[in-house]
Amino acid sequence: MADWQPLRFMQAPGPKAGRMRFSVYRFDPEGDAGPGTQEYVLDDLTPDMMLLDALLRIKEQDETLGFRRSCGEGVCGSDAMNINGRNGLACITRLGELVEPVKLRPLPGIPVIRDLIVDMDNFYRQYREVEPWLQAREAQPEVERFQLPEERERLDGLYECILCGCCSAACPSYWWNPDRFLGPAALLQAARFIEDSRDEACDKRLDQLDDAYKLFRCHSIMNCVDVCPKGLNPTEAIERIRKRMLRNST
Amino acid sequence: MSGFSGMGAWLLQRLTAVYLVVFTVWAGIRLALADPWSYAAWSGWLGEPVNAALAWLFGVSLLAHAWVGGRDVLIDYIHPLGLRLALLSLLAGWLLGSGLVFTALVVSA
């Protein structure tokens, strides 16, 4: 089973039962030992099972293992982790795609609370910092605020973010300056409101982002695009913000 | 200040990049086609006031471009404030000094 590859499953008549090895990052803040890894072996797995299913099986073996999960279908973003060196959601990662031993680590560059659980406080603070809500001077109208279909289309690729943190935790600029660079996730949210035809705070939003850190630490490395489990493109969203800034300043 | 360090710096980097490419290609072609192919022809061409001004602008653009890039690297990687300020000052001093020397060369040519 060491060389499971997706293509080989497609050729196989059906899911095969199998044994897989997992190497999981462990850290107990209350224990004496520093961080380390622990090996687990599971039997009777099928390639169609998701990594989260395997983690839940490991949890049955060893209830001290800590990880977050909720919806189990790639909507809530709770189970973001580093899977074989790449950030992703355990619940939508098929075991069949993974080489062994499956190395599970917490999201890189983010403080670890315990095992695979990281401290997302800074991430959420940055999300709040872009004021991710519609800002309009007029009082709330009786009916919805209308948009043209074209105006609505500009939000496609921006509103679908589930804030799992895979992108920001894959961004080298975010690793170097996590306190002052907002990171791809928060900037995608900023773009979502800057692009919104109903929002009237566009100029203020652009002003707030115009310093050396908040947006301009982005060097278009595009790791965020590479890992986003929802297939979004934060680099392009950041580019759209830059273009608007440019238009505003000229 | 904030306007310059964000969008302003980004814009400066791109505008200087465009000028660097355009001047390099244009001057490269002109110098390659110099007839006769000699030092005298080259220095004569560069000695014309317009060409000298454009070459000077090239030098200034190069230094400005280097400033934004070097500053980006230092902001990314050097976090202790004192060390960063020292390195930024060093970079700024070096680039300004280079600019002065280059200006003196262009003026004297």
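With touching a Lys or Arg at 6+ places or on another chain (Cβ under 9 Å) and of a type outside the set (Val, Ile, Thr) as the only criterion, which of A:148, A:187 stands out? Write out each step before concluding.
On the way: A:148 fails: touching a Lys or Arg at 6+ places or on another chain (Cβ under 9 Å).
A:187 is the lone residue from the list that is touching a Lys or Arg at 6+ places or on another chain (Cβ under 9 Å) and of a type outside the set (Val, Ile, Thr).
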* Asked: Are there any strands (runs of 3 or more DSSP E) wholly within the range A:11-92 with 1 or more residues that are free of Cβ contacts under 8 Å to residues at least 60 places away in the same chain and within 13 Å of residue A:104 (Cα to Cα), and if so which?
  -> A:36-45, A:80-83
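Is it true that residue B:12 is within 14 Å of chain A (Cβ to nearest Cβ) and out of contact with any Ser or Thr (no Cβ under 8 Å at 6 or more places or on another chain)? Write out each step before concluding.
Details: within 14 Å of chain A (Cβ to nearest Cβ): yes; out of contact with any Ser or Thr (no Cβ under 8 Å at 6 or more places or on another chain): yes.
Criteria met by residue B:12.
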* To do: Starting from residues that are assigned to a helix (DSSP H, G or I) and open to solvent by less than 60 Å² (accessible area, probe 1.4 Å), keep the ones in the range A:207-234 and report whichever is nearest to the other protein chains (Cβ to nearest Cβ).
  => A:209
* Structure fact -> For the range A:42-67 the number of residues that are more than 20 Å from residue A:82 (Cβ to Cβ) and open to solvent by less than 10 Å² (accessible area, probe 1.4 Å) is 2
* For the range A:13-26, which residues satisfy the criterion of being open to solvent by less than 50 Å² (accessible area, probe 1.4 Å) and modelled with pLDDT of 90 or more? -> A:20, A:22, A:23, A:24, A:25, A:26
* Asked: Can you tell me how many residues in the range B:61-94 are surrounded by fewer than 16 Cβ atoms within 10 Å (Cβ to Cβ), under 13 Å from the mean Cα position of the chain (by Cα) and aliphatic (A, V, I, L, M)?
  -> 1
* Could you grab the pairs with beta carbons closer than 7 Å, sequence gap of 6+ or different chains, first residue in the range A:172-188 and at positive phi, second one open to solvent by less than 10 Å² (accessible area, probe 1.4 Å) and of a type outside the set (Val, Ile, Thr)? => A:183/A:126; A:183/A:168; A:183/A:174
* To do: Look through the range A:235-250, keep the residues that are surrounded by 14 or more Cβ atoms within 10 Å (Cβ to Cβ) and β-branched (Val, Ile, Thr), and return whichever of them is farthest from the other protein chains (Cβ to nearest Cβ).
  => A:235
* Hey, any hits in the range B:73-89 for a residue that's away from chain A (no Cβ under 14 Å), in contact with a Phe, Trp or Tyr (Cβ under 9 Å, 6 or more places away or on another chain) and modelled with pLDDT of 90 or more? -> no
* Test: residue B:49 is open to solvent by 70 Å² or more (accessible area, probe 1.4 Å) and away from every other protein chain (no Cβ under 14 Å) -> yes
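Identify, from the list B:24, B:103, the residue that is closer than 26 Å to residue A:220 by Cβ, among the hydroxyl-bearing types (Ser, Thr, Tyr) and more than 14 Å from chain A (Cβ to nearest Cβ).
After applying the criteria, what remains is B:24.
The values are calculated or read from the model by the stated rules, or taken from the named source; none is laboratory data. This structure is a prediction, so every number in the text was calculated from the model and none was measured. Glycine also receives a Cβ, built like all others from the backbone with ideal geometry; neighbour counts cover every protein chain displayed. Side chains are part of the model used for accessible areas, which takes the heavy atoms of the whole protein and leaves out ligands, DNA and RNA. Shrake-Rupley method; radii C 1.70, N 1.55, O 1.52, S 1.80 Å.
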